[in-house]
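All remarks here apply to the structure that follows.
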Amino acid sequence: MEHFVVSARKYRPQTFKDVVGQQAITNTLLNAIENNHLAQALLFTGPRGVGKTTCARILARKINQEGYDDPTEDFAFNVFELDAASNNSVDDIRNLIDQVRIPPQTGQYKVYIIDEVHMLSQAAFNAFLKTLEEPPKHAIFILATTEKHKIIPTILSRCQIFDFKRITVKDAKNHLADVAQSEGIAFEDDALHIIAQKADGAMRDALSIFDRVVSFSGNNLTRQAVTENLNVLDYETYINVTDLILENKIPELLIAYNEILAKGFDGHHFIAGLASHFRDLLVSKTPSTLVLLEAGEQAQKMYGMQSQKASQDFLLKGIDLANDCDLKFKSSQNQRLLVELCLMQLASITFDGEKKKVDGYIIPPNYFYGRVLEIPVKFPEIIQVETVAVTPEVAVVEEKQPEQETSASTPIPKVEIPVDPNVQKVSALSLSSIRAKRELEKANSAIVRNVDDLPKEAFTHTDMLLHWNKYAQRLGDKGYKIMESLLLINDPKLNGTTIIHELPNEGSKIDFDSEKHDLLGYLRGKLHNHDIQIEVIVNETVENKFAFLPQDKYNRLNEINPALDVLRRTFDLEF
């Protein structure tokens, strides 16, 4: 059986050109070697798996190859690697200092690579200071660490620092594609993209994940195989969930979340990914920000299609809700309920929960067919009104003023009045057509609608209270606190379609009457009943009802909607 070499070792870069994603650093090191400006103490810092040790080895070989005949010589005897995690004492540093004094047998330089240098003790750092500041001409120190902040300032000041960055998803995916082609493995672009994302900027991790997935799926690397093996939530899952949110399908949404949990995924990971998905949809809406979307070709197409369905306002509210849930997740006592509540809120962004007419009208449009629409408009003393256009659908009426006042007056807007196609039409309001108008009213009297045609849907006392309190809250939000208190001073009573509201004095009744007309229109529209009336009674014994304690607030809400107590007992909730 042939010995297997992992891809991270097999495809380790041998030259600076092979290093992935660190072009700025490799170019700097090459120029320093060519111009003889290489410092004798270098510090390579950055995340794991981004090429710090690899660049140190390449540098050690490169500086000794100059003027040397054998290009295959790796100068292994000139390179000394020390793991500071296990050799962090003063004695280890003293042994290193003793070796530094001996010049190299071949080549020009001896290179000392100290990995995880931040693990050295304080005494070891102090013992190393003098040698690091004034090393022999043949010695070069390369320190590598993932935690630069743990190194004492006196060491940092003696080193030339190179900050290695995380490997971008694009660079990692391209390198994985080269490796797959070298190994003769067929792959999907999205599959490599998921591996690159999972690696989180570490090329070594990306190659390790690549080996693992290849062992699972063989020589055909598909997106489905990668997501199944890595157990990750891919973009297709979030696209399906977002479709359910946009369609306001709350039951199906909760079932989909239950299936995600059943597969072993964490709710915190899911809601954080959903916020990121909304962000990706937002950047997909504008071509100029599409470069911020790190996704494969197929994924970009699906993001583009879904971004057209979701409005910018929805995505901004969705990101805010998902991010708020993410922040509260760890401190929540019922984490599943928290995520489910967030999903229901997301599905309600584009749906306010109110019952609406199918045609979108509270009063049917055909109610006005044949009626004379009275619009209060201030006219000059003499006004001539002409019918300028008549169609089977709409009569457009244009109003003209006398010629001597045309320049000084403002134009009067056109008024569109829906007209029944079966009704004969004549010019309205002109002096010459008053007689014809009266005859026309008699002829069309058969088609004039009755008040009984207005909506008269049944409603309950609870429905009325909900909309009454919602209107009061709207007034409070606008700053009308006095009017809000008058509406909430007590619960109105319902007698048939008449709402009876008691107030403590005549002054409050006068204030209430100023808002009564708007309140009546709001309740008629929301409850779909045109027979609703509001009767105000002055009762000096009425007292304000304020809820100060949680128990008082709960009792108040329970009076409005008794189903609240059923919900509390069902889920054993506390308030």
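Take segment 56-72 and flag every residue that is at pLDDT 60 or above and open to solvent by less than 80 Å² (accessible area, probe 1.4 Å).
Once the filter is applied, which keeps residues that are at pLDDT 60 or above and open to solvent by less than 80 Å² (accessible area, probe 1.4 Å), segment 56-72 yields ALA56, ILE58, LEU59, ALA60, ARG61, ILE63, ASN64, GLN65.
Just to be sure before I move on: is PHE270 out of contact with any Gly (no Cβ under 8 Å at 6 or more places or on another chain), in a loop (DSSP other than H, G, I, E, B) and not basic (Lys, Arg) in the structure I sent?
Values: out of contact with any Gly (no Cβ under 8 Å at 6 or more places or on another chain): yes; in a loop (DSSP other than H, G, I, E, B): no; not basic (Lys, Arg): yes.
For PHE270, the condition - out of contact with any Gly (no Cβ under 8 Å at 6 or more places or on another chain), in a loop (DSSP other than H, G, I, E, B) and not basic (Lys, Arg) - is not met.
Identify, by number, the condition in (1) modelled with pLDDT of 90 or more; (2) open to solvent by 70 Å² or more (accessible area, probe 1.4 Å) that HIS269 doesn't meet.
(1)
Which members of segment 310-325 meet the condition of being surrounded by 21 or more Cβ atoms within 10 Å (Cβ to Cβ) and either aromatic (Phe, Trp, Tyr) or over 14 Å from SER348 (Cα atoms) (or both)?
Selection gives CYS325 alone.
Go through (1) in a helix (DSSP H, G or I); (2) open to solvent by less than 80 Å² (accessible area, probe 1.4 Å); (3) modelled with pLDDT under 85 for PHE77 and report which single condition fails.
(2)
Among THR28, THR53, which is the only one that is of a type in the set (S, T, N, Q), open to solvent by 20 Å² or more (accessible area, probe 1.4 Å), in a helix (DSSP H, G or I) and modelled with pLDDT of 90 or more? Write out each step before concluding.
On the way: THR53 fails: modelled with pLDDT of 90 or more.
Testing whether each residue is of a type in the set (S, T, N, Q), open to solvent by 20 Å² or more (accessible area, probe 1.4 Å), in a helix (DSSP H, G or I) and modelled with pLDDT of 90 or more leaves just THR28.
Could you grab the pairs with beta carbons closer than 8 Å, sequence gap of 6+ or different chains, first residue in segment 199-223 and in contact (Cβ under 8 Å) with a residue 12 or more places away in the chain and over 17 Å from VAL5 (Cα atoms), second one assigned to a helix (DSSP H, G or I) and among the β-branched types (Val, Ile, Thr)?
Partner pairs satisfying both residue conditions: ALA199/ILE209; SER217/VAL226; LEU221/VAL213; LEU221/VAL214; ARG223/ILE194.
Mind listing whichever residues of segment 169-210 are open to solvent by 30 Å² or more (accessible area, probe 1.4 Å) and charged (D, E, K, R)? Walk me through how you get there before you give the answer.
First, pick out the residues of segment 169-210 that are open to solvent by 30 Å² or more (accessible area, probe 1.4 Å): 170-171, 173-175, 178, 181-184, 186-189, 197-198, 200, 204-205, 208.
LYS170, ASP171, LYS173, ASP178, GLU183, GLU188, ASP189, LYS198, ASP200, ARG204, ASP205, listed by residue number.
Which pairs have Cβ atoms under 6 Å, sit 6 or more apart or on different chains, and link a residue in segment 318-342 that is farther than 14 Å from PHE571 by Cβ and in contact (Cβ under 8 Å) with a residue 60 or more places away in the chain to one that is in a helix (DSSP H, G or I) and open to solvent by 30 Å² or more (accessible area, probe 1.4 Å)?
Listed pairs, sorted by first residue: PHE329/HIS268; PHE329/GLN335; CYS342/LEU321.
Considering only segment 285-328, state which residues are within 29 Å of THR168 (Cα to Cα), assigned to a loop (DSSP other than H, G, I, E, B) and not acidic (Asp, Glu).
The answer is LYS285, THR286, LEU293, ALA295, GLY296, ALA310.
Being within 26 Å of VAL339 (Cα to Cα) and not in a helix (DSSP H, G or I) narrows it down to one of ASN258, ASN248, so name that one. Talk me through it step by step, then tell me what you get.
Numbers: ASN258 fails: not in a helix (DSSP H, G or I).
Among ASN258, ASN248, only ASN248 is within 26 Å of VAL339 (Cα to Cα) and not in a helix (DSSP H, G or I).
Residue by residue through segment 223-242, note down the ones that are open to solvent by 40 Å² or more (accessible area, probe 1.4 Å) and either within 20 Å of ALA272 (Cβ to Cβ) or hydrophobic (A, V, I, L, M, F, W, C) (or both).
ASN231, GLU236, ASN240
Read through the list (1) in contact (Cβ under 8 Å) with a residue 24 or more places away in the chain; (2) assigned to a loop (DSSP other than H, G, I, E, B), then give the number of the only condition that ILE58 fails.
It fails just one condition, (2).
The values are calculated or read from the model by the stated rules, or taken from the named source; none is laboratory data. All values derive from a computational prediction rather than experimental measurement. Don't worry about glycine lacking a Cβ; one is built from the backbone with ideal geometry, like all the others, and counts go over all protein chains shown. In case anyone asks, the SASA skips ligands and DNA or RNA and just uses the protein heavy atoms, side chains included. Shrake-Rupley method; radii C 1.70, N 1.55, O 1.52, S 1.80 Å.
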